[in-house]
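Asker: Supplied in C-alpha cells, the structure appears directly below.
The values are calculated or read from the model by the stated rules, or taken from the named source; none is laboratory data. This is a predicted model, so every value here is computed, not measured. We place every Cβ from the backbone using ideal geometry, glycine too, and count neighbours over all the protein chains shown.
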C-alpha cells in the first residue's frame, strides 16, 4: 500500500461479509419460507384447530409458498421469458403469487376452512389486494417482501403467544436491515409494505369476526 493509497483491504472484506450475511437473512425471511413456518408452527401448536389433519398446513404451504415460487423455475425454462430478465421475473412472481393466494382463498371458502387457516388465507389474499392498490393503482412502491414478513409474524403472535414479539421484532428488524443493505428496498418502501401486511391481517380478522 503506497502512502497515497488510503484504501483499507479489511473494509472491503467487512463489506463482503455484511453483504453475504444480508443475503442469507433475506433468503431465510422470504415470504414463502415464513408462510411454511407459519402453517406448520400453528399446526404443531394446536393440531385441533386444523381438524387434526396434517393436510391443512401442507395445503397452506402449497397455495402460499410453492405456487408463488414457481414463477422463477418457469422463467428459467422458457427462453423468451428468460431473456427479459429481472423486470419480467418480478411480474411473473406477482402473477404466480396472485394465483396461489386466490386459489387458496377459493379452497378456504369451498371447504369451509375455519380457525387459524381461515385467517391466514384471508390475510394473504387481502394483502394481495392492498399491495396491488398501492403499487399499481396509486403507484406507491410498497415492499411485498415486508408484507410477507409482517403479516405471518403478526398472525403467529395473535394465534400462539404475545411473547413471540420477542422473536418476531428482531426477525423483522434483521429483514429490514438486509433489504436496505442489499438495496432491494428503501426504508420507506419496507415500512409501507409492513403497513400493507398488518392492515391485511387486521381486515381479515374483522371480516371473519363480524361477517362470518
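Residues checked against (1) under 16 Å from residue 31 (Cα atoms); (2) buried (at least 22 other Cβ atoms within 10 Å of the Cβ); (3) at pLDDT below 95:
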position	(1), (2), (3)
137	no, no, yes
160	no, no, yes
164	no, no, yes
184	yes, no, yes
195	yes, no, no
198	yes, no, no
201	yes, yes, no
204	no, yes, no
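Asker: Still on this structure: Which one of 120, 126, 95, 110 is free of Cβ contacts under 8 Å to residues at least 12 places away in the same chain, assigned to a helix (DSSP H, G or I) and either under 19 Å from residue 58 (Cβ atoms) or under 20 Å from the mean Cα position of the chain (by Cα) (or both)?
Answerer: Among 120, 126, 95, 110, only 110 is free of Cβ contacts under 8 Å to residues at least 12 places away in the same chain, assigned to a helix (DSSP H, G or I) and either under 19 Å from residue 58 (Cβ atoms) or under 20 Å from the mean Cα position of the chain (by Cα) (or both).
Asker: Does any residue of segment 166-188 turn out to be over 23 Å from residue 20 (Cβ atoms), part of a loop (DSSP other than H, G, I, E, B) and without any contact (Cβ under 8 Å) to a residue 60 or more places away in the chain?
Answerer: no
Asker: Next up: Being in a loop (DSSP other than H, G, I, E, B), free of Cβ contacts under 8 Å to residues at least 12 places away in the same chain and at negative phi is the filter here; which residues of segment 135-165 pass it? Walk me through it before giving the result.
Answerer: Filtering segment 135-165 for residues in a loop (DSSP other than H, G, I, E, B) gives 138-143, 160-161.
Checking the rest, the ones that are also free of Cβ contacts under 8 Å to residues at least 12 places away in the same chain come to 138-139, 161.
The answer is 138, 161.
Asker: Next question, about the same structure. Tell me which helices (runs of 4 or more DSSP H) are completely within segment 19-80 and hold 1 or more residues being at pLDDT 90 or above, or say none if there are none.
Answerer: Details: elements: 31-45, 55-61, 71-77.
Hits in segment 19-80: 31-45, 55-61.
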